[in-house]
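The next block holds one structure in the form of structure tokens; read it before the comments.
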Amino acid sequence: MMNDSLFSLVCAGEIFELKAELNSDKKEKKKEAVKKVIASMTVGKDVSALFPDVVNCMQTDNLELKKLVYLYLMNYAKSQPDMAIMAVNTFVKDCEDPNPLIRALAVRTMGCIRVDKITEYLCEPLRKCLKDEDPYVRKTAAVCVAKLHDINAQLVEDQGFLDTLKDLISDSNPMVVANAVAALSEIAESHPNSNLLDLNPQTINKLLTALNECTEWGQIFILDCLANYTPRDDRESQSICERVTPRLSHANSAVVLSAVKVLMKFMEMLPKDLDYYGTLLKKLAPPLVTLLSAEPELQYVALRNINLIVQRRPEILKHEMKVFFVKYNDPIYVKLEKLDIMIRLASQANIAQVLAELKEYATEVDVDFVRKAVRAIGRCAIKVEQSAERCVSTLLDLIQTKVNYVVQEAIVVIKDIFRKYPNKYESVIATLCENLDSLDEPEARAAMIWIVGEYAERIDNADELLESFLEGFHDESTQVQLQLLTAIVKLFLKKPTETQELVQQVLSLATQDSDNPDLRDRGYIYWRLLSTDPVAAKEVVLAEKPLISEETDLIEPTLLEELICHIGTLASVYHKPPSAFVEGSRGVQHKRLPGSSAAGVSEAPPAVIPSQGDLLGDLLNLDLTPPTTTGPPPPSSGMQMGAMDLLGGGLDSLVGYLHSTMGAGFGAPPAAMPASFTAPVSGGLDDLFDLGGGVGMPMGAYSPPKTVWLPAMKAKGLEISGTFARRAGVIQMEMTLTNKAMSVMTDFAIQFNRNSFGLAPAGPLQVLTPLSPNQSIEVTLPLNTVGPVMKMEPLNNLQVAVKNNIDVFYFSCQYPISMLFVEDGKMERQVFLATWKDIPNDNESQFQIKDCHLNSDAASNKLQGSNIFTIAKRTVEGQDMLYQSMKLTNGIWVLAELRVQAGNPNYTVICTCVLYMYLQFNNINIIIIPAA
Amino acid sequence: MIHSLFLINHTGDIFLEKHWKSVISRSVCDYFFEAKEKAVDPENVPPVLQTPHHYLITIYRGKLFFLSVIQTEVPPLFVIEFLHRVADTFQDYFGECSEVIIKDNVVTVYELLEEMLDNGFPLATESNVLKEMIRPPTILRSVVNTLTGSSNVGDTLPTGQLSNIPWRRAGVKYTNNEAYFDVIEEIDAILDKSGTTVFAEIQGVIEACVRLTGMPDLTLSFMNPRLLDDVSFHPCVRFKRWESERVLSFIPPDGNFTLMTYHVSSQNLVAIPVYVKQNISFFETGNCGRLDITIGPKQTMGKTVEGLMVTVHMPKAVLSTNLTASQGNYTYDLATKVLVWDVGKLNPQKLPNLRGSLSMQAGAPKPEENPSLNIDLKIQQLAISGLKVSRLDMYGEKYKPFKGVKYVTKAGKFQVRT
């Protein structure tokens, strides 16, 4: 903007000159002047001041001059709407011109003038042009409808232009058909549910005919439109495929990719034993390979799409590994994509070649690429078991190069290889240890520390190594600190006699000298665990870890299916569903592959959700039940002593702090230390349901009955009982203060300790009159959630201090988590689906609520009262599934699936609650796993 | 569809903008500049960028960025193809596609862009059609125009756009009727240290120059069409006849065009015309290294290898070179660290050799990477895949045209790892 005004300043004199020239009598001079004006306009100079003069030049029979003036008009009509009206008459006249070129030009230009007053005049000429005898005019008019729709959608619908446009799909000229399809597709994008492109076998046939004869761009529009069609049966599917296949040989890569999309989609409907299916598979490979010899920008888009295609149908490109080999002068974005696909295609048959290439890449110049190449070697090892040994030796060779970042990446991936193949490659640990000093990246340091801790019994000087890290403990990143803590505890459990001092040192560093709640909590947990039951500690900390697999980097199948339907689009480049990023997400429809099995597509939530429930059970078992160990080893006396020492060390102060609900989540690998969240949540829900059992309860948020929080004997006669409620969006603490002492109490005040959700009193405690003996008073204290945050154990614990004229009293109470569910907790359906899919399985849990005599609708109503919203409901085999969402005050979403078995005579409600929460404390994610 | 286009030079100045819908502020390009800054090399700027309200799709051609802004879900390949078409059109009209030439012809450029897209929908992208509507500037024409007051804009309806053969204009007339075809093959290959082929393929293209009167219908047939299993055609080629008879049957566009491209990847068919013996090593001490490259003929099918050129991107630490070339001459660019050895013709009796020492920055550590060699070469009168045109027939017109086929093999991305 700054520049523009500068420009116009500079041009002031020039504009005066131009004005004179524009009004000249000489045609030639006029034209040159308009050209100069256009030239200034194109470089961003402001020449709008010349508007009336330029418009005056419009009435001419010189086509070039007319075109130039039209160009100018399109640019400036918006800023000078009143002047633009002057041009309308000429436009309308031009729309009647005997020369079709001028008719088309006029209607085209009129559509580009985004001024309401002009669009009114546009309707009549446009209607005529849509039925013009000349196809050139018709095809221009078709696009003009889309323009008009963009400016004034209502007008287009009222004037019936959409129907005319639909008729044009049957036009005799293929170009007109293509433009009509393009215009309709664009209009349909802003009306996702309108049936604008109503595809039936007849229209499909017309489109396929036009496909052969229209321009390359028209072919793209038609192919993209075809991809939205669902054939009735496999025969129709095959015949469409047959007619689309020739497009694979088109020189325009966008045509090729759109054709690939249609084929990939319709292929789903073909029976696999069909000969044609095999032929089609073979035909798909060469065009995809050809795309890779195009310009790098095209290659990039092609590679992103190929990445999807190889995940869906690896057989297409399994013999084409070599085309993905990286050339040293490929742009970096192409290199990285190629690498990704190479790993996806890696198999036992070609792993030798792949590894040789990866090793080559690891000596390249570009650091990002080198790192990714080293990681790729690790991924190969995990993917192709037979190659693991070769991968490890390749990595060792790379470590020998002593190139700093190569060594670090190698160590990170070797850690993963250890996780995948335990007790196989530990012989290399010695080599790794040699490079300890060169590690300066947190990830590599953490990986190395993990290895040392995990294999402490095989490393003679493990204690020395870990001790060396401990020296700079406070300077390390949290990742390293956590890993170091865990590693030293492991070491202690393995070699208790020598490392007692070390473990005490690290525990005190973690618990006393650290401000990081994560680290502190983990420290306390270990401390507590070691001091109470070393045998249990051993079982928990040294538990067998689940193996990792290559599946982790694959795209989730439902998402993949959707993305396959979007091949060639931006969604395929970003590997995200269009709903996740398309501007305003105007209710983009989720597309699905037409599988022969996909019968019940009509329901909104995709069929993948129910399976997660079953999966979940397995997962929880994995995490929660410690593996059966072969009998606890007899603890040495030294260890007992150590543990006793620890006990004395400062545990007393902890007892009150650490709630004894641990143990549930500790079987999980210590990399992510889960805290227990079981009691409050499941309890809360249980309560909600219990209450729901009663008939005729008023709708509204559930509030538990009051309980005594502070008994009189502990508080010099003051008894406080209370509860929490959420009324009209405000969290309230409702208390009854009773004076059981002999004297009058005055000067009440209240304060909260820092707590998990930042609850704090929104105002002072309103006890105005003095509280005389044996008197009770009801107080309601509104709360807000803007107070300081600190994670509590359990999470919903609240420590309160109440002061009166006698003393200060402390008590702690637990608030039902449902208080924190906010009113706008209703998630968009699409968002819900996407989020549900994104949630890592670790974050899910299920439990049952017994004896709830409610049907699903009633339950849903009840829950809504507590701000638990039902997003979708569906019935599978007599079981109602409610998909629900709620949002906590701190913005965390909780998603749940509730299953209600209607046929059960006891009306038992089976509830599968899947909770998803990430709590951010000092930038560290604590994953909360509620357990059954 | 495509909303706007910005042309940006390599220093980051926007020197032309064109909006097909409403005007979008240039500030949208800031996201691109940010990415450009991050990518360091202009080649490495990611082609698809996401901003809060728009998507930016960019191509880099001839030191210029063609940046298009889109707002809705548009196939990115469609946009990229279109941008390349814009660049091709400029090239075709003005002989080159550079900032200076675009600025000189800004009005024609603007007219072209206006004809190529309407509301973001491609309108006329065939050079034949465009030239009918907007005549390319020539010196003669600009002189004539100033004298007669006529213009570059044709006032005929672009008939080609409406017929079933939109690529050919009607009423073409020549006194000399001629049709020439160039079969150009490029070898893309990666050879490893020991000279083994890691990967090789041939990218073939048949470029045509057809100046024939009227509506000729041509048929081009090959001696060995079975070589071609991965092909893409100009829209004029009748795919059905290719499927059934393996001949190219088409009504050609007027002038120069790419008839087909093909791709031979089957390993045994890709002959590697030269071998390279090389040794580039750096010493641990002394800040120096050695370089020794020899090139010899391998599978040349009895033809001469010409235009031989070797390019090496040296590690950053290499300060200067002290080399002797037994043939041709070499240059070392200190700024870009590129060593270019222009060998010329390959003489099988006396193999060209380049050897000598490399001196490095004092105190710099031994370079970790191994520089790859890029080989350039040319073999006239040979299509290395063995593809041969057997005949060209013309139907539909009575005259006898001049016909000609030329073959040439070049190195494409031909790399030797060290």
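At R0 = 22 Å, how high is the FRET efficiency between B:K410 and B:S98 if r is their beta carbon distance? Nearest 0.05 is fine.
0.35
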Mean shadow area (nm²) of the C-alpha convex hull around the range A:395-520 is 7.2
Counting only backbone N atoms under 18 Å from a point 7 Å out along Cα-to-Cβ of A:S477, the residues of the range A:387-424 in range are A:404-416
Between the alpha carbon centres of the range A:224-240 and the range B:180-217 the gap in Å comes to 36
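Assign one of three labels to the range B:59-136, namely rounded, prolate or oblate, based on the Cα gyration tensor with a ≥ b ≥ c the square roots of its eigenvalues; rounded applies when a/c is under 1.5, prolate when it is not and a/b is larger than b/c, and oblate otherwise.
On the way: a/c = 1.89, a/b = 1.26, b/c = 1.50.
Judged from the Cα gyration tensor, the range B:59-136 comes out oblate (a/c at least 1.5, b/c at or above a/b).
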When the charge dipole of the range B:274-380 is computed with +1 at the Cβ of Lys and Arg and -1 at the Cβ of Asp and Glu, the Cα pointing farthest to the positive end, of B:S372, B:A325, B:Q361, is that of B:A325
HN-Hα couplings for the range B:185-201 via Karplus (6.51, -1.76, 1.60; θ = phi - 60°), in whole Hz with x for Gly/Pro, come out as 10, 10, 9, 9, 8, 10, 9, 8, 2, 7, x, 6, 7, 7, 7, 8, 7
Residues whose modelled amide H sits under 5 Å from the amide H of B:G204, counting only those 5 or more places away in sequence or on another chain, are B:E186, B:Y262, B:H263, B:V264
The long-range amide H neighbours of B:V74, using H built 1.01 Å from N in the peptide plane and a cut-off of under 5 Å, are A:L570
The alpha-carbon center of the range A:49-82 and that of the range A:340-360 are separated, in whole Å, by 61
Karplus ³J(HN,Hα) for the range A:185-191 (6.51 cos²θ - 1.76 cosθ + 1.60, θ = phi - 60°; Hz, whole; x = Gly/Pro) runs 4, 5, 5, 4, 5, 8, 10
B:Q91 and B:E43 label points (each 7 Å along its Cα→Cβ direction) are spaced in nm at 1.7
Computed over the range B:332-373, protein heavy atoms only, probe 1.4 angstrom, the accessible area per residue in square angstrom equals 52
Highest GNM mean-square fluctuation among B:G171, B:G255, B:G204, for chain B with Cα springs under 10 Å, belongs to B:G171
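Inside 10 Å of the C-beta atoms of A:323-331, what's the mean count of C-beta atoms belonging to other chains?
Working: counts 5, 1, 3, 2, 10, 11, 7, 3, 9.
Neighbouring Cβ atoms belonging to other protein chains average 6 per residue here.
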The longest stretch of chain B containing none of the chymotrypsin sites (Phe, Trp or Tyr not before Pro) that sit in a DSSP loop with at most 16 other Cβ atoms within 10 Å is B:1-173
In the range A:161-192, accessible area falls by at least 50 Å² from chain alone to full assembly (1.4 Å probe) for A:E186, A:E189
Measuring from its Cα centre, the range A:707-819 shows a charge dipole (+1 at each Lys and Arg Cβ, -1 at each Asp and Glu Cβ) which, in debye to the nearest 20, is 160
Result for interface chain A to chain B, accessible surface buried in total, 1.4 Å probe, Å² to 100, stands at 8000
Loop-resident chymotrypsin sites (Phe, Trp or Tyr not before Pro) in the range A:736-832 with no more than 12 other Cβ atoms inside 10 Å, DSSP not H/G/I/E/B, are none
Residue by residue through the range B:102-115, the couplings from Karplus 6.51 cos²θ - 1.76 cosθ + 1.60 with θ = phi - 60°, in Hz, x for Gly and Pro, are 5, 5, 5, 10, 4, 5, 4, 4, 5, 4, 4, 4, 5, 6
FRET efficiency for A:L274 and A:D158 from the Cβ-Cβ distance with R0 = 56 Å, rounded to 0.05, comes out at 0.70
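What is the magnitude of the charge dipole of the range B:344-418 about its Cα centre, with +1 placed on the Cβ of each Lys and Arg, -1 on the Cβ of each Asp and Glu, and no other charges, expressed in debye to the nearest 20? Walk me through the numbers on the way to the answer.
Numbers: 14 positive and 5 negative charges, 92 e Å.
Dipole of the range B:344-418, to the nearest 20 debye: 440 debye.
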Connecting every pair of Cα atoms under 10 Å apart in chain B and solving the GNM, the largest mean-square fluctuation among B:K103, B:K388, B:K406 falls on B:K103
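Could you work out the mean projected area of the convex hull around the alpha carbons of chain B, in square nanometres to one decimal? Walk me through the numbers on the way to the answer.
Working: hull surface 101.4 nm².
Result: 25.4 nm².
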Under the 7 Å Cα-to-Cβ spin-label approximation, A:S427 and B:N322 lie apart by a distance in nanometres of 4.8
Note: A:286-295 gets an average of partner chain Cβ contacts (10 Å, Cβ to Cβ) equal to 6
Expressed in angstrom, Rg and Dmax over the Cα atoms of the range B:2-148 are 15.6, 53
Under a 1.4 Å probe, counting only protein heavy atoms, B:C236 has an accessible area in Å², nearest 10, of 10
Rounded to the nearest 10, the angle in degrees between the Cα long axis of helix B:29-39 and the longest principal axis of the Cα atoms of chain B comes to 20
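Restricting things to Cα coordinates, could you compute the convex hull volume per residue of the range A:707-819 in Å³? Don't skip to the end; give the middle numbers.
Numbers: hull volume 10.6 nm³, N = 113.
Here the figure is 93 Å³ per residue.
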Rounded to the nearest 10 Å², the accessible area of A:K402 using a 1.4 Å probe with every protein chain kept is 110
Rounded to the nearest 0.05, FRET efficiency between B:M215 and A:A49 (Cβ-Cβ, R0 45 Å) equals 0.30
Pseudo-spin-label distance B:S390 to A:A728, built 7 Å along Cα→Cβ, given in nm, is 9.3
For A:R312 the rounded accessible area (nearest 10 Å², probe 1.4 Å, non-protein molecules ignored) is 70
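Subtract the Cα-Cα distance of B:S281 and B:S357 from 0.36 nm times their separation in residues, and report this length gain in nm to one decimal.
Numbers: separation 76, 0.36 × 76 = 27.36 nm, distance 0.95 nm.
Separation in residues times 0.36 nm, less the Cα-Cα distance, equals 26.4 nm.
The values are calculated or read from the model by the stated rules, or taken from the named source; none is laboratory data. In this text, all values refer to a predicted model and were calculated from it rather than measured experimentally. Positions of Cβ are backbone-derived with ideal geometry, glycine not excepted, and every protein chain shown enters the neighbour counts. Protein only, heavy atoms only, side chains kept; ligands, DNA and RNA dropped before computing areas. Shrake-Rupley method; radii C 1.70, N 1.55, O 1.52, S 1.80 Å.
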